[in-house]
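This report concerns only the one structure given below.
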Amino acid sequence: MEEKTQQRIFVTGVNGHIGNHIVRDLLEHGYLVRGSVRDLNDETKTAHVLAHAADLGLMDRLELVQGDVLEADGWSEMLRDCDGLFHTATIYSTRGTATMILDTANKGTTHLLHAASEVGIKRIVYTSSTAAVGTSPKGRTKDENAWNTDTSLPYTTAKTQSERLAWKLAEELELDLRVINPTAVLGGGFVRPTPSVDFFKDAIAGSYPVVPKFPMSVVHVRDVAKAHRRAFEVDEAEGRFILAPHANLTLATICRRIRTLNPTTKAPKYSLPNFLVPVAVFQDWLGGVFGRQRYLTRAVAKNMMGGDTDYSSAKAENVLGMEWEDFDTCIQDTVDVFL
């Protein structure tokens, strides 16, 4: 536990997978934390966040407030007397409607950055995603200069548009913006599985005998939380920071590693040839007709097969001093939630 400071950080979306780990990391490193959730009376959004403070004996260092990023009112007052803003709140869904995802991302960005400017907060750490970096061109390592140009999926479009909006507003409002672009975030400590981890349960149960060789890269949620804090602390931290230490993998590789580390599971050992992916898309559609949750739409398959996840995390390592949880820890900490 580091020495306590009187610096207070405001964190939106503290009930989320990334948000609640940011809270713990900040508390462990001596910060005061004020965090927002949409409903203070919903224990599923607050209990696990408060548990971090209780576990650390720091209940007096954490304050939760109620706020909806879709609403403009009230944010200035909530942000008052804070020294920094970490904006993590968004809808993380590959299946939500475009309007819902875009509104949450863009309105939230607008409301929070304007409120920060009004109360004099200058340094802001913004949670984006490698979805805003993109997966093209295939076969070339992608760094912070790359931007997604694919508009086929609402989530990737929303993350790209909202990050561009954040940069535009930061320039207009003269804010010191630092952006974190994590890839698929693994590790435990979530109340509801995110799209990054929700396939683990089905993989462990053997719900499908083979999996596509879709490109993936992963990072541990603890590293994502740490990167947010370091982006705030390091004066020289400018621009975007890709967090993809375990890059250029495939979904099939991850499933095989699940099985190697946990031989009693039924995680698939074999990959689906690319020419059979349309069959898998049809089966997924058919399951949706009978009420099953859809995972593999045609748009998702096209997006996955059109690029790769060859990302560089060199900037995060060199500027933020990031050292990473190893690949097996990323996998096992996620699997343990479902066993």
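Of note:
- Listed by first and then second residue, the pairs linking a residue in segment 257-280 that is under 18 Å from Pro215 (Cβ atoms) and hydrophobic (A, V, I, L, M, F, W, C) to a residue that is modelled with pLDDT of 80 or more and surrounded by fewer than 17 Cβ atoms within 10 Å (Cβ to Cβ), with Cβ atoms under 7 Å apart and 6 or more places separating them unless they lie on different chains, are Leu272/Val210.
- Positions within segment 214-250 being out of contact with any Ser or Thr (no Cβ under 8 Å at 6 or more places or on another chain) and free of Cβ contacts under 8 Å to residues at least 60 places away in the same chain, in sequence order: Glu233, Asp235
- Selection of segment 1-54 for residues being surrounded by fewer than 19 Cβ atoms within 10 Å (Cβ to Cβ) and of a type in the set (Asp, Glu) yields Glu2, Glu3, Glu28, Asp39, Asp42, Glu43.
- Verdict on Leu186 being under 18 Å from the mean Cα position of the chain (by Cα), within 20 Å of Ile254 (Cα to Cα) and touching a residue at least 24 places away in the same chain (Cβ under 8 Å): yes
- Unmet requirement for Lys213, which otherwise passes all of (1) touching a Phe, Trp or Tyr at 6+ places or on another chain (Cβ under 8 Å); (2) over 26 Å from Met322 (Cβ atoms): (1)
- Of the residues making up segment 193-200, one or more are over 19 Å from His87 (Cβ atoms) and at pLDDT 85 or above.
- Residue satisfying all of: in segment 162-183; assigned to a helix (DSSP H, G or I) and of a type in the set (D, E, K, R); nearest to Glu236 (Cα to Cα) among these: Glu171
- Scanning segment 180-188 finds one or more residues that are at pLDDT 95 or above, under 24 Å from Pro154 (Cβ atoms) and polar (S, T, N, Q).
- The set of residues in segment 218-239 being buried (at least 24 other Cβ atoms within 10 Å of the Cβ) and not in a helix (DSSP H, G or I) consists of Val218, Val219, His220.
- Criterion applied to Asp55, Asp39, Asp60, Asp68 was being under 21 Å from Gly188 (Cα atoms) and acidic (Asp, Glu), and the one residue passing it is Asp55.
- Yes/no for Val211 being under 15 Å from the mean Cα position of the chain (by Cα), under 18 Å from Asn262 (Cβ atoms) and surrounded by 18 or more Cβ atoms within 10 Å (Cβ to Cβ): no
- The listed residue being over 18 Å from Val221 (Cβ atoms), touching a helix residue (DSSP H, G or I) at 6+ places or on another chain (Cβ under 9 Å) and at pLDDT below 95, out of Gly30, Gly84, Gly67, Gly13: Gly67
- Taken as a whole, the structure places Val191 among residues that are in contact (Cβ under 8 Å) with a residue 60 or more places away in the chain, over 15 Å from Ile258 (Cα atoms), aliphatic (A, V, I, L, M) and surrounded by fewer than 21 Cβ atoms within 10 Å (Cβ to Cβ).
- Within segment 309-334, residues that are over 20 Å from Gly187 (Cα atoms) have Cβ atoms under 7 Å from residues that are of a type in the set (Phe, Trp, Tyr) and surrounded by fewer than 22 Cβ atoms within 10 Å (Cβ to Cβ) in no pair, counting only partners at least 6 apart in sequence or on another chain.
Yes or no, residue by residue, for (1) more than 16 Å from the chain's Cα centre (by Cα); (2) farther than 22 Å from Leu153 by Cα; (3) at pLDDT 95 or above; (4) of a type in the set (D, E, K, R):
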| residue | (1), (2), (3), (4) |
| --- | --- |
| Thr88 | no, no, no, no |
| Thr94 | no, no, no, no |
| Met100 | yes, no, no, no |
| Ala105 | no, no, no, no |
| Ala116 | yes, yes, yes, no |
| Ile121 | yes, yes, yes, no |
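- Selection within segment 164-183: residues that are free of Cβ contacts under 8 Å to residues at least 40 places away in the same chain and under 21 Å from Lys142 (Cβ atoms). The member of this set that is surrounded by the fewest Cβ atoms within 10 Å (Cβ to Cβ) is Arg164.
- Among the conditions (1) out of contact with any Lys or Arg (no Cβ under 7 Å at 6 or more places or on another chain); (2) buried (at least 19 other Cβ atoms within 10 Å of the Cβ); (3) among the aliphatic types (A, V, I, L, M), Ala131 misses just one, which is (1).
- Conditions (1) buried (at least 23 other Cβ atoms within 10 Å of the Cβ); (2) closer than 18 Å to Ile22 by Cα; (3) at pLDDT below 95; number of the one not met by Lys159: (2)
The values are calculated or read from the model by the stated rules, or taken from the named source; none is laboratory data. Since the model is a prediction, treat every value here as computed from it, not as a measurement. We place every Cβ from the backbone using ideal geometry, glycine too, and count neighbours over all the protein chains shown.
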